[in-house]
Structure formats: structure tokens, C-alpha cells
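Single-structure report; data block below.
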Amino acid sequence: LTLVFGMVFAENLPTPPQVLSPDLRAERIGEATKSHNKSQKEEVWKMAGRWDDINRLCDRVRETSFSIHCFLGFGHVEKIYRRALVHRLRKRGLRAEEEPPVEVYDEGGTKRGQRAPDLFVEECLMIELKARRTVVSGDVAQLLGYVRASRIENGLLINFGAPRLYVKKYVLTPR
């Protein structure tokens, strides 16, 4: 693993089964992306199973987390922040699942079981929430384990437990 500007890259990670190839994605999106209607484009990308820009999705989650942190402050248990984040993301029109079962695969592609991360947004972003004073290496390892084993490319680690909101994005991609 290599840490580069807050993003983590893993070598030789197999392509997840739910990720569409660029050709198939373009075929599914078709003529709708030629329209100038931004909300229509976004809806078509959602229907295709991917966001056109994962960074935009992460920004929306980050902004929502910040507003929750400003309103609630720090000192609550993780469940309070999780429920608030799910509620507000759904109000913003995003598909957010609380503790969904996510399939876990080994390096050969064999299904080995299920895990339940804190949040799964738009079927392409895994979020691990914490409500601690500081983030420790075990928290990062937990998120990376979820991301790698479930073959999801993107993960966010969010800590609401400190006076200052902590958000860090991790990306696992083949190199």
C-alpha cells in the first residue's frame, strides 16, 4: 500500500464485479449525457450504478458531516452521528444505507462472508464513522479492511468525537 496525499492505493486489486467498464457505462448512459440538464445527467449516472465524479459525492458527504458536527458538536455516541448522517444524506436525495451487509471476497474472487460497515452511500462509497477524541491506526485498518475485502474502491473515515471534524478519503485501485 502507498499513501499519497491522503489517498491509499493498493496494487493488483481485482476489479469489483459491480464496477462498470467505461464502454458499458457510456453505452448505458447514452444520449442522456448530451443534455445540459445537470439533475438529469446525475440521475442517469445514478441509474448506471456509478457517480461520474466520486469526489463530488465525497464533497456532499463531507459538507453534510460538517453541518451535523456544527449542530450536534462532539461528545455523542457514534450511533447518534450515524443516524443523523443517514437522515441528512437521504434528505439530499442520496441512497444511504445504515450498516448494510456487504459481501467479502478473497484474492481469488471467492465469496467469504459479509461485513457491516457503518454506512454505504450510492453503492460506491463506504463510510466508517468514529466518535473518539483521536483516530488511531486501528480505525484506518478497519476501513481499509472493509474496502479491500468488499472490493469497493472508495472509503471515508469520519470522526465526530473531537472538537474538530476529521474526514479522510481512502482510494484502493489497481496500479
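What follows is calculated from the coordinates using simple rules that are stated; it is not laboratory data. In this text the structure is predicted, and so the values were computed from the model without any measurement. Here the Cβ is made from the backbone with ideal geometry for all residues, glycine too, and neighbour counts use every protein chain on show.
Across segment 62-175, the mean sequence separation of Cα contacts (distance under 8 Å, 6 or more residues apart), normalised by length, yields a relative contact order of 23 percent. With θ taken as phi - 60° and the Karplus curve 6.51 cos²θ - 1.76 cosθ + 1.60 applied, the whole-hertz 3J(HN,Hα) list for segment 126-134 is 9, 10, 10, 9, 9, 9, 10, 5, 9 Hz, x standing for glycine and proline.
Find how many whole Å separate the alpha carbon centroid of segment 143-175 from the alpha carbon centroid of segment 61-101. Going from one Cα centre to the other spans 15 Å. FRET efficiency for the pair K168 and L72, taken as 1/(1 + (r/R0)^6) with r the Cβ-Cβ distance and R0 = 22 Å, rounds to 0.65.
Contour minus end-to-end for R62 and K91, with contour as 0.36 nm per residue of separation and end-to-end as the Cα-Cα distance? The partial results should precede the final answer.
Working: separation 29, 0.36 × 29 = 10.44 nm, distance 1.49 nm.
Between R62 and K91, full extension yields 9.0 nm more.
Using θ = phi - 60° and the Karplus form 6.51 cos²θ - 1.76 cosθ + 1.60, what ³J(HN,Hα) does each residue of segment 135-149 get, whole Hz, x for Gly and Pro? So the Karplus estimates, Gly and Pro as x, are 8, 10, 4, x, 5, 5, 4, 4, 4, 4, x, 4, 5, 5, 5 Hz.
Dividing the convex hull volume of the alpha carbon atoms of segment 65-175 by its residue count gives 103 Å³ per residue.
Taking segment 153-173 and a reference point 7 angstrom along Cα→Cβ of I80, the backbone N atoms nearer than 20 Å belong to 158-167. For segment 79-134, how big is Rg over Rh, using alpha carbon atoms and the Kirkwood form of Rh? Rg/Rh for segment 79-134 comes to 1.06.
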